Structure formats: C-alpha cells, structure tokens
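Down below is the structure, laid out as structure tokens.
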Amino acid sequence: MAVALRTGFLGGVFDPPHVGHLALARAAIDGLDLERLTVLVAADPGHKRVATPAQIRLELAALAFAAIPGVDVELDRHARTVDTLEERRPDRAYFVIGADELADFWSWKRPERVLELVRLAVAMRPGVSDERLREVLARFPSPDRVTVFEMEPVPVSSSEIRDRVARGERIDGLVPPLVAEAVLRLGLYRGGG
C-alpha cells in the first residue's frame, strides 16, 4: 500500500503574486490533502524576465500566502526545478503545476529526473486542449507520477497586473489586499513591465 503524499512545492516568479496563485495553492492543498505546501519564489528564473528583485518578490509572496494555513514561502536560488529538487531531495512530495505548464514539461531541464524526485500534481484549467494534454501524458513512462486535481479558473496574470499599475489603474481584487498595499508603498511596476 502506497503512503499518502502530504507535502507539495509550488514554484514561480510571483511578480506579483495574485489571486490565481492563491487559488492554485488552496486547490492543491484541498485536492491533494496536503499538510504542507512550500511556495518557492524563483530568485533568478531561467525562463522569464522579472520586473522586481527577488527579495521584493519574496516579501510580496510572504504577504500573499500568509493567510493560508500550512504554507511556507522560501526563496529558491536555483533557476531550474530539477536543481531545486536535487538539493532538497523531498520524500514523497508533489510538485504543483498548471495544465499549461504540463504541456511544456518535456522541455524542462532533466524532466525524467524531476519525475524520479517528485510526482507532478496538475491543476486542470482552461487554456490547454484535451488533445495536447493527451499527447503530453502519453510521453510519461509511469502514469502514476502524475496526479490531476480540479481548480476553478481564475482569469488573472502577473503581466496584466503590472500593466494595470503602469497605467495607474487599481488592482483591487486581483491581488490580496496586503500585496496591493505593498505594491503602492514600494512604488512597484509604475514604469511598466
């Protein structure tokens, strides 16, 4: 009998963290019955440009996720998931991603090793066709390394939020109130990006 997985990791840039990130965390905790979820803020993501320094994004993420029991927020100094997992060597853990990220999974650095270290927990949400998901899942040597859980779609993105701030528009309802206050207090995203 397999031992239930009770810990998870959720990585991202969080520039800024928004209500969609919180919904994903809550859906993963509930859908996977997690005791702990570690949010990993990528210090220097290898796959995308960031608008704010890592320490500020870490502060914003800590504010955003503070209200969710069982969530820890940490800075991830590795640019690639496999390097983070190699260092941590988690025992029976999930790595939480969205269905859109699953479609790109085989382009990650050493995806086979990622699957040896953790199981993928995939939030099903719009944006990726069923056909594309079937194609990606067919490439997995062990289907038991992927668990799917449901998530209500939350139509928001960090780039949309940065653009709104740059235009002087409000972001209430798109980010947690403490994040909105910090963005204003720190003068973030006013120059665009």
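Filtering segment 98-124 to residues that are without any contact (Cβ under 8 Å) to a residue 40 or more places away in the chain and closer than 20 Å to Leu34 by Cα leaves Ala99, Val114, Leu115, Glu116, Leu117, Leu120, Val122, Met124.
Are there any strands (runs of 3 or more DSSP E) wholly within segment 1-95 with 1 or more residues that are more than 20 Å from Pro177 (Cα to Cα) and polar (S, T, N, Q), and if so which? Steps first, please.
On the way: elements: 7-12, 36-42, 71-76.
Per the criteria, 7-12, 36-42.
Selection over segment 141-175 of residues that are out of contact with any strand residue (DSSP E or B) (no Cβ under 7 Å at 6 or more places or on another chain), at pLDDT 90 or above and either of a type in the set (D, E, K, R) or farther than 22 Å from Gly31 by Cα (or both) gives a count of 18.
Name the residue that is nearest to Val13 (Cα to Cα), counting only residues in segment 157-180 that are in contact (Cβ under 8 Å) with a residue 24 or more places away in the chain and in a helix (DSSP H, G or I). Break it down stepwise before answering.
First, pick out the residues of segment 157-180 that are in contact (Cβ under 8 Å) with a residue 24 or more places away in the chain: 157-158, 161-163, 165-166, 173-176, 178-179.
Add one more test, that the residue is in a helix (DSSP H, G or I), and what stays is 158, 161-163, 165-166, 178-179.
Numbers: Ser158: 9, Ile161: 14, Arg162: 13, Asp163: 16, Val165: 18, Ala166: 19, Leu178: 18, Val179: 15 Å.
Filtering segment 157-180 for residues that are in contact (Cβ under 8 Å) with a residue 24 or more places away in the chain and in a helix (DSSP H, G or I), the one nearest to Val13 (Cα to Cα) comes out as Ser158.
Going through segment 107-132 one residue at a time, which ones are touching a helix residue (DSSP H, G or I) at 6+ places or on another chain (Cβ under 7 Å) and not in a strand (DSSP E or B)? Once the filter is applied, which keeps residues that are touching a helix residue (DSSP H, G or I) at 6+ places or on another chain (Cβ under 7 Å) and not in a strand (DSSP E or B), segment 107-132 yields Trp108, Lys109, Arg110, Pro111, Arg113, Val114, Leu115, Leu117, Val118, Arg125, Gly127, Val128. Checked against the criterion of being at pLDDT below 95 and at negative phi, the candidates Ala27, Ala4 yield just one match: Ala4. Is there any pair with a first residue in segment 131-150 that is among the polar types (S, T, N, Q) and a second that is surrounded by 15 or more Cβ atoms within 10 Å (Cβ to Cβ) and modelled with pLDDT of 80 or more whose Cβ atoms are under 8 Å apart and which are 6 or more apart or on different chains, and what are they? Short answer, once both residue conditions are applied: Ser142/Leu115; Thr147/Leu32; Thr147/Tyr94; Thr147/Arg119; Thr147/Leu120; Thr147/Ala121; Thr147/Val122.
Just one residue in the set Val41, Val71 is in contact with an Asp or Glu (Cβ under 9 Å, 6 or more places away or on another chain) and at pLDDT 95 or above; that residue is Val41.
Under the condition of being at pLDDT 85 or above and within 17 Å of the chain's Cα centre (by Cα), the residues counted in segment 116-140 number 6. Of all the numbered requirements in (1) crowded, with 17+ Cβ neighbours inside 10 Å; (2) farther than 21 Å from Ile56 by Cα, Pro143 misses one, and that requirement is (1).
Can you spot a residue in segment 9-27 that is within 15 Å of the chain's Cα centre (by Cα), surrounded by fewer than 20 Cβ atoms within 10 Å (Cβ to Cβ), small (Gly, Ala, Ser) and farther than 23 Å from Pro155 by Cα? No, that holds for no residue.
The values are calculated or read from the model by the stated rules, or taken from the named source; none is laboratory data. Since the structure is predicted, the reported quantities are computational estimates derived from the model, not experimental observations. Counting neighbours? That spans all protein chains shown, and the Cβs are built from the backbone with ideal geometry, glycine included.
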